[in-house]
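Scroll down for the structure; my scribbles are underneath it.
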Amino acid sequence: MNPLNPPITDWQGRSVWLIGASSGIGLATAQALHTAGARVVVSARKAELLQQFVNTHPGAQAVVLDVSDSAAVHQAAQHIQTEQGLDVVIYCAGHYKPVRATDYNLDEMLRHQSVNYVGALHMLDAVLPPLLAQGFGHLSLVASVAGYRGLPQSLAYGPTKAALIHLAEALYLDVSAHGLGVSVVNPGFVETPLTAQNTFHMPALIGPEQAAHEMLRGWAKGAFEIHYPKRFTRWLKLMRVLPYRWYFALVRRATGL
Ligand SMILES: NC(=O)c1ccc[n+]([C@@H]2O[C@H](COP(=O)([O-])OP(=O)(O)OC[C@H]3O[C@@H](n4cnc5c(N)ncnc54)[C@H](OP(=O)(O)O)[C@@H]3O)[C@@H](O)[C@H]2O)c1
């Protein structure tokens, strides 16, 4: 079968902007890409953590920003474009707090939307025109299997990830004919600061380095969706097609919620 995207097998010299790279999956991916020879620019809010990355990864750059600040995202994109060009943009910024409807919190609902979804729109607004003009490049959005279907504790987080998956699908249909690749990354449970707050057992938990490895493998294959670990995500994909009556019963039984 033909790959859906131009496969990225050689990272040597490629300019990669990783947004949400101060910790967890983004940081591990930045490390892996740097090792593979990419010219990596890392962004997030925590300047010290980004500087640590730059100090230990020769040639890497840091651009501190908050993804909710559209002007800052635009400025960063322009800076990178001018300095070293832009080949690949990976949107990994994410916010997660468990929220249930019985403890509804509008601020949390909107914060999830701002970081997980609207930030990605700011990024697209800044990078789509130059990428379309140059006629090559790759956009990767890190969503989540929590975006497949509704889950308990996921009232704020889940819908933003569903939106990202949908956004990536529509984006693919629009830009692949213009030479651009688009991928969506749907991780299961990965051990990071984001999941450290979870008190429940996380099935098939993997480390961030393994997550990064899976992502590089997916980009090398030219995959549209990169999901991992398969021993967990395959079940969730199966649950995606169940009728609601069965799906709700199964989720209740599996989570006890
Ligand atoms: N861990 C999992 O099991 C899992 C599963 C599925 C999907 N994901 C997704 O994977 C991505 C990475 O998460 P992670 O698990 O690696 O957690 P993490 O270590 O907490 O990473 C989140 C990243 O997002 C950045 N970020 C948060 N708010 C930001 C803002 N307003 N502006 C700019 N950057 C911001 C954080 O940096 P600063 O705090 O420095 O800004 C950090 O670099 C997220 O999109 C998450 O939803 C994770």
For a quick check of your reading of the model, give me the residue pairs whose first member lies in the stretch 42-69 and is closer than 11 Å to GLY20 by Cα, whose second is basic (Lys, Arg), with beta-carbon atoms closer than 6 Å and at least 6 apart or on different chains.
ASP66/ARG45
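Can you go through SER183, SER176, SER154 and tell me which one is closer than 29 Å to ARG39 by Cα and open to solvent by less than 30 Å² (accessible area, probe 1.4 Å)?
Selected residue: SER183, the only one of SER183, SER176, SER154 that is closer than 29 Å to ARG39 by Cα and open to solvent by less than 30 Å² (accessible area, probe 1.4 Å).
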For the stretch 9-28, state whether one or more residues are in a helix (DSSP H, G or I) and open to solvent by 70 Å² or more (accessible area, probe 1.4 Å).
no
Filtered residue count, the stretch 42-86, keeping only those that are aliphatic (A, V, I, L, M) and more than 10 Å from the ligand (Cβ to nearest atom)
9
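In the stretch 69-85, which residues are more than 20 Å from ASN116 (Cα to Cα) and not in a helix (DSSP H, G or I)?
Scanning the stretch 69-85 gives a single hit, GLY85.
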Could you please give the count of residues in the stretch 12-41 that are touching a residue at least 60 places away in the same chain (Cβ under 8 Å) and either within 15 Å of the ligand (Cβ to nearest atom) or not polar (S, T, N, Q) (or both)?
18
Filtering the stretch 98-137 down to residues that are within 18 Å of GLN84 (Cβ to Cβ) and within 16 Å of the ligand (Cβ to nearest atom) yields MET123, ALA126, VAL127
May I ask you to say which residue of ALA143, ALA101 is in contact with a Leu (Cβ under 6 Å, 6 or more places away or on another chain), open to solvent by 30 Å² or more (accessible area, probe 1.4 Å) and touching a residue at least 24 places away in the same chain (Cβ under 8 Å)?
ALA101
Within the group ALA133, ALA93, which residue is among the small types (Gly, Ala, Ser) and either at pLDDT below 95 or assigned to a helix (DSSP H, G or I) (or both)?
ALA133
Number of the exception - ALA38 against (1) surrounded by fewer than 19 Cβ atoms within 10 Å (Cβ to Cβ); (2) in contact with an Asp or Glu (Cβ under 9 Å, 6 or more places away or on another chain); (3) of a type in the set (Gly, Ala, Ser)
(1)
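Suppose the filter is part of a helix (DSSP H, G or I) and acidic (Asp, Glu); does ASP125 pass it?
The answer is yes for ASP125.
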Collect the residues in the stretch 200-227 that are within 15 Å of the ligand (Cβ to nearest atom) and free of Cβ contacts under 8 Å to residues at least 12 places away in the same chain, keeping them in residue-number order.
HIS201
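The values are calculated or read from the model by the stated rules, or taken from the named source; none is laboratory data. Everything numeric here is computed off the predicted structure, so don't read it as measured data. Neighbour counts are summed over all protein chains in view; Cβ atoms, including those assigned to glycine, are modelled from backbone coordinates with ideal geometry. Please note that ligands, DNA and RNA were not included when accessible areas were found on the heavy atoms of the full protein model with its side chains. Shrake-Rupley method; radii C 1.70, N 1.55, O 1.52, S 1.80 Å.
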